[in-house]
Amino acid sequence: MASQSFAHAIVRPPGPTFAQGLTRFDLDRPNLALARAQWEAYSRALETCGLTLTRLEPLTEFPDSTFVEDTAIVTARGAIVSRPGAPSRSGEVEAIRPALLAHFPDLAAIGAPGTLDGGDICDADGHFLIGISARTNPEGAAQLQAWLEARGDTAAAIDIRDRSDILHLKSGISYLGDNRLAVIPALADHQALRRFERVVTAPDEAYAANCVRVNERVLIAAGFPGFEARLTDLGYRPIVLMMSEFEKMDGGLSCLSLRIP
Ligand code: CIR
């Protein structure tokens, strides 16, 4: 099965203030020890997929900094740091910059008044779906689109500002390789997605739509047997990971790493 291949990933463990991060949910606060254990299992899974990890230090001053995906967009042709839409997260960008510069000396940046979270960007083999959301504004999306197109990639915007069920676009879609997306029912018929084969999650398995294709495997969240069976039937080899503590903080599997070709 064909997909972009990855060699590295940048990850950062949840820090001592993790439970004070942003969340739209009124769930229990996460348990830090359990979050750390789930993060360790996630990091080991990336290594199982063949990736070399850069494990950054936890950051006390930024409770959401374990969600490194939001701080940059990494493509097969370069990388650009984001400008997070939540003010409490803006300082995370400078903290991730050195690790990215080690791979991308020519690192670009989204500029004001644009805002953009990496969680809104879905790379489908060089065609980028860009969510316009509570975090990513049209200006940020336009800056990213121009940067991508200058490198020969293509992009399309998907406005999710009327959707209260997902924080980021990738809370509701993931690229599985092979021109195929995992997608929640509410986005399944979106015009920008019609060019893809779609694996639509059951309504009660919507959280499973945030999964991560990494080389020959797909990381999926535990607790979604219907979705797991669909992927297995299609020939994928899922790695199932516990995500309860990150879900409480509005995060999913993709948010926890920046994957680098
Ligand atoms: C936030 O609200 O920013 C974090 N608590 C969760 C970010 C999740 N990131 C992602 O989906 N890419």
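Details
- Among beta bridges that DSSP assigns inside region 8-260, antiparallel share in %, nearest 5: 45
- Region 202-240: trypsin sites (Lys or Arg not before Pro) falling in loop per DSSP and having at most 16 other Cβ within 10 Å: none
- Stokes-Einstein D in µm²/s, Kirkwood radius over Cα pairs - the chain at 10 °C with 1.306 mPa s viscosity: 88
- Counting every C-alpha pair in region 1-150, the share spaced more than 26 angstrom apart comes to 27%.
- With every protein chain in place, region 115-261: carbon and sulfur % of accessible area (1.4 Å): 49
- Accessible surface, region 8-260, averaged per residue in Å² (probe 1.4 Å): 40
- Taken over region 153-261, the convex hull of the Cα atoms encloses 114 Å³ per residue.
The values are calculated or read from the model by the stated rules, or taken from the named source; none is laboratory data. For clarity, every value in this text was computed on a predicted model and none was experimentally measured. A quick note on method: Cβ atoms are made from the backbone with ideal geometry, for glycine too, and the neighbour counts reach across all protein chains shown. Side chains included, ligands, DNA and RNA excluded: accessible areas come from the protein's heavy atoms. Shrake-Rupley method; radii C 1.70, N 1.55, O 1.52, S 1.80 Å.
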